[in-house]
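Asks: One structure follows; several queries about it will come next.
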Amino acid sequence: MDIVNEILEREQKKADKYKPITVEKHLELEFDLGSLLASDTNDLDIKTLKTNKDSYLLALTRDNAQLLLNKVWELPTERIEEAIVVRLPQPTTILPRAKPVPVPKPLTKWQEFAKAKGINKKKKDKLQWDEQLQKWVPLYGFKKTAAEKEKNWLIEVPQNLDPMTDMYEKKAGEKSEKVAKNELQRLKNLARAKKVKIPRVGLPVTSDKASATQLSTAASVAKASTASLGKFQDKLPKEKEARGKGVHELIPGKERKRKAPIPTPAAEKEYNLNLLDNILSKRPKIDMDKAVAKSINEEEVKRSHEKKNMKPGLGKRKTQGKGNATNFSAKKPKAGKGKRAPNKKSTGRKRR
Amino acid sequence: MKVLSEDRTRILFEKLTKYIGVNVKLLIDRPDGTYCFREKKDRVYYISEKLLHLAQTVKPDNLVSAGTCFGKFTKTNKFRLHITALTYISPYAPFKVWVKPSAEQQFLYGHHIIKSGLGRITENTPKHQGVVVLTMSDIPIGFGVASRTTAECRHADPLATIVFHQADVGEYIRSEDTLT
């Protein structure tokens, strides 16, 4: 019996040393074997946690780790170089990224425009059939240049040009200008992307035919370019100051005005009424056209009244040459029939 | 919604006085609340203070219009009245032109008013005066600019233009997409 007890005791000790692999849990754990993650949603025993924190947490962790490993052992095992390994499935938990999301590249001016207009880039073929040369010519590269050279062995000088112009030189100039423009635009795009302020390139002086806005801008700039910033310069009768984007910055002495604060409704009303009074008082007191039209109109009204009042049957004159304006008839006025009365006026209009 | 700058306010009022004279004051100084002019994308809106406050809660990019559109500033900084302003102009206009029923359609299609279509005209209308155009039953249908004085109209030949067309209610259909 002793031996049996001894063995049992030994077994007991062994069992104490190794804790059981089965763990009782109120709620099942959630596992993500891919990232070897187990999440325990069971409530903590707060009483034990307060009295015996460390040992309680240690025991809890062990139990949960045991459960996780149990799950791992359920996976199919392989033997690679004397070691038993498990192939973990894909992790299902989505981890937040360590670095911030990269900022999208700033669009160039053309890209912005194309986006707004809905213009899509069309893929071009790298090779194009050239009818003249009867062969495939690439879009760019040394073969394209060679093809161009072959094609343009002679360039006609247009009639509107000087017959001695070198068309090859002209073409090369145009091309280099295009390249320069492209480079400038590239730099401008870079500056805009980095939000660097670039100075304005002033007024174009090259073209012989400046537009009206360019001229007015130039005039405004020139006028303000005195020691007193154009304060004492005379104004032409109908001169207008140049307006538009960027004009303000060009004119010396005109710093950017701060935006006026939005006025209160009462102040705005007052201001508007004052402005309106100003406008109304500025209108001419006597409008000649209006005055003339008014007098003509009055005359016409008077005449029409007379016409209405006049009774056609009673249009008899009482005495010769003694009619007045109110009762003249439609008949022609007669002269005094031989009797001259120079100080008496005859009716009707004067006839010569 | 921007507050109009000084010179733009001046341009706007000058245009309005051409049509309604001193009555512009009545538009600003109203007994039923404060009204003001605001600008958005070169268009001028006549809006009550109350509505303006409500409109300010909307993001400017998302706000298409608020209030009544009176017209717009052209690229050359001139002000052009839209037909939408007719409701505010017609009651105050001192100078009016009535068109005959037969000429109404012509006017509503955007043509000038010729002498033969003229039904009635306010007396003493000066040349180049802004006038409101009404039907014979006193319904306002647009506005224009008198090309002749009333006195001159009497002696004009039947095909002579009396009123230059500026805007008419037909625009609500014809240029629906540009009116806001």
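The numbers here are math on the coordinates, done by the rules we state, and not lab data. These numbers come from a predicted model, not from an experiment. Cβ atoms come from the backbone with ideal geometry, glycine included; neighbour counts cover every protein chain shown.
Asks: From other protein chains only, count the Cβ atoms within 10 Å of every residue's Cβ in A:266-279, then give the mean.
Replies: Details: counts 2, 0, 8, 7, 2, 4, 11, 4, 0, 6, 12, 2, 2, 7.
Mean shielding count: 5.
Asks: Please determine, in degrees from 0 to 90 and to the nearest 10, the orientation of helix B:6-20 with respect to the longest principal axis defined by the Cα atoms of chain B, where the helix direction is its Cα long axis.
Replies: 30
Asks: Taking square-rooted eigenvalues a ≥ b ≥ c of the alpha carbon gyration tensor, is region B:1-42 rounded, prolate or oblate, where a/c under 1.5 means rounded and, failing that, a/b exceeding b/c means prolate?
Replies: Working: a/c = 2.53, a/b = 1.18, b/c = 2.14.
It is oblate, given that a/c is not under 1.5 and a/b is not larger than b/c.
Asks: Please list, in chain and number order, the residues 5+ apart from B:Arg148 or on another chain whose amide H is under 5 Å from its amide H, with Hs placed from the backbone.
Replies: For B:Arg148, the qualifying residues are B:His128.
Asks: Could you derive backbone 3J(HN,Hα) for region B:77-93 from the dihedral phi with the Karplus parameters 6.51, -1.76 and 1.60 (θ = phi - 60°), listing whole Hz in sequence and x where the residue is Gly or Pro?
Replies: 6, 9, 9, 10, 6, 9, 5, 5, 7, 4, 4, 8, 8, 4, x, 9, 5
Asks: Of the options A:Leu68, A:Asn52, A:Leu29, report the single residue whose Cα projects farthest towards the positive end of the charge dipole of region A:16-86 (beta-carbon charges: Lys, Arg +1; Asp, Glu -1).
Replies: Sorting the options by dipole projection puts first A:Asn52.
Asks: Let me ask you something else. Other chains' Cβ within 10 Å of B:9-19 residues: what's the mean? Don't jump to the answer; show the numbers that get you there.
Replies: Details: counts 6, 4, 0, 2, 6, 5, 0, 2, 4, 0, 0.
For peptide B:9-19, the averaged partner shielding equals 3.
Asks: If you average the C-alpha positions of region A:48-62 and of region A:109-184 separately, how far apart do those two centres end up, in angstrom?
Replies: Answer, in whole Å: 80.
Asks: Okay, moving on. Per DSSP helix of 4 or more residues, -39500 (n - 2.57); summed, then divided by the residues of chain B. What does that give at 222 nm, rounded to the nearest 500?
Replies: Values: 7 runs with 49 residues, N = 180.
Using -39500 (n - 2.57) per qualifying helix, the result is -7000 deg cm²/dmol.
Asks: Next question, about the same structure. Take A:His248, A:His305, A:His26 and order them by how many other Cβ atoms sit within 10 Å, fewest up front. It would help to have the intermediate numbers written out before the result.
Replies: Numbers: A:His248 15, A:His305 10, A:His26 7.
Ascending number of Cβ neighbours within 10 Å: A:His26, A:His305, A:His248.
Asks: Taking other Cβ within 10 Å of each residue's Cβ, how do B:Phe143, A:Phe31 sort, fewest first? Each step should come with its number before you reach the end.
Replies: Values: B:Phe143 26, A:Phe31 17.
In order of increasing Cβ crowding within 10 Å: A:Phe31, B:Phe143.
Asks: Tell me, what HN-Hα J-couplings in whole Hz come from the Karplus equation 6.51 cos²θ - 1.76 cosθ + 1.60 at θ = phi - 60° for each residue of region A:96-107, using x for Gly and Pro?
Replies: For region A:96-107, the Karplus curve yields x, 6, 6, 9, x, 5, x, 6, x, 4, x, 6 Hz.
Asks: To continue, here is another question. What residues qualify as long-range amide H neighbours of B:Leu4, i.e. H under 5 Å apart, gap of 5 or more or another chain, H built at 1.01 Å from N?
Replies: B:Glu39
Asks: Evaluate the charge dipole of the protein assembly as shown about its Cα centre and quote only its size in Debye, nearest 20, assuming +1 on the Cβ of each Lys and Arg and -1 on the Cβ of each Asp and Glu.
Replies: My answer is approximately 6900 debye.
Asks: Starting with the fewest neighbours, write out B:Tyr19, B:Tyr92, B:Tyr35 ranked by other beta-carbon atoms found within 10 Å of each beta-carbon. All intermediate terms of the calculation are to be shown ahead of the outcome.
Replies: Details: B:Tyr19 26, B:Tyr92 17, B:Tyr35 21.
Starting with the residue having the fewest Cβ neighbours, the order is B:Tyr92, B:Tyr35, B:Tyr19.
Asks: Where in region A:68-121 are there chymotrypsin sites (Phe, Trp or Tyr not before Pro) that are in a DSSP coil and have at most 11 other Cβ atoms within 10 angstrom of their Cβ? Can you show the working numbers first?
Replies: Details: sites: A:Trp73, A:Trp110, A:Phe113; in loops: none.
Loop-located and lightly packed - none at all.
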